[in-house]
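Asks: My structure is below; once you've seen it, I'll send some questions.
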Amino acid sequence: MNKFLVISFAVFLFGCSGSVNECGVIESKFIKNGKYFFAVNLSDRKYTGDQDEGGPMYSDAEVSKAIYEMKMAGDDFCFEN
């Protein structure tokens, strides 16, 4: 019985997808091969709380055409990474 509980716990613990919500500011928008993307600055102090003067950290986020047309550069954006 104990083995079953330990294995069940391990599956639950390690079986999660591991996806993380990332938030930042849209720095630019672009279309590549018919797909829509935002270049998101993830190092914005508003989200990280980090006051160090490091360089910006960017991530490209693929979005639908509707989201692409709705958001502008400078808008906040969160996505699952």
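The values are calculated or read from the model by the stated rules, or taken from the named source; none is laboratory data. Being a predicted model, the structure only gives us computed values, none of them experimental. A quick note on method: Cβ atoms are made from the backbone with ideal geometry, for glycine too, and the neighbour counts reach across all protein chains shown.
Asks: Any residue in the range 69-81 that's at negative phi: show its pairings with residues that are assigned to a loop (DSSP other than H, G, I, E, B) at Cβ separation under 6 Å, as long as the two are six or more apart or on different chains.
Replies: Here the result reads Glu80/Ser19; Asn81/Val20, each pair linking the range 69-81 to a residue that is assigned to a loop (DSSP other than H, G, I, E, B).
Asks: In addition: What residue, of Lys35, Lys3, is at pLDDT below 90, of a type in the set (Lys, Arg) and more than 18 Å from Asp76 (Cβ to Cβ)?
Replies: Details: Lys35 fails: at pLDDT below 90.
Exactly one residue qualifies, and that residue is Lys3.
Asks: Need pairs with beta-carbon distance below 7 Å; first residue in a loop (DSSP other than H, G, I, E, B) and within the range 37-50, second at pLDDT 60 or above and of a type in the set (Phe, Trp, Tyr); sequence gap 6+ or separate chains.
Replies: Qualifying pairs under 7 Å: Leu42/Tyr58.
Asks: So which residues in the range 52-70 are at pLDDT 90 or above and assigned to a loop (DSSP other than H, G, I, E, B), if there are any at all? So that I can check it myself, show each step before the final result.
Replies: Initially, the range 52-70 is screened for residues at pLDDT 90 or above, giving 60-70.
Within the range 52-70, just Ser64 meets the criteria.
Asks: So for the range 10-27 (the condition being at pLDDT 95 or above and of a type in the set (D, E, K, R)), does at least one residue qualify?
Replies: Checked the range 10-27: no residue is at pLDDT 95 or above and of a type in the set (D, E, K, R).
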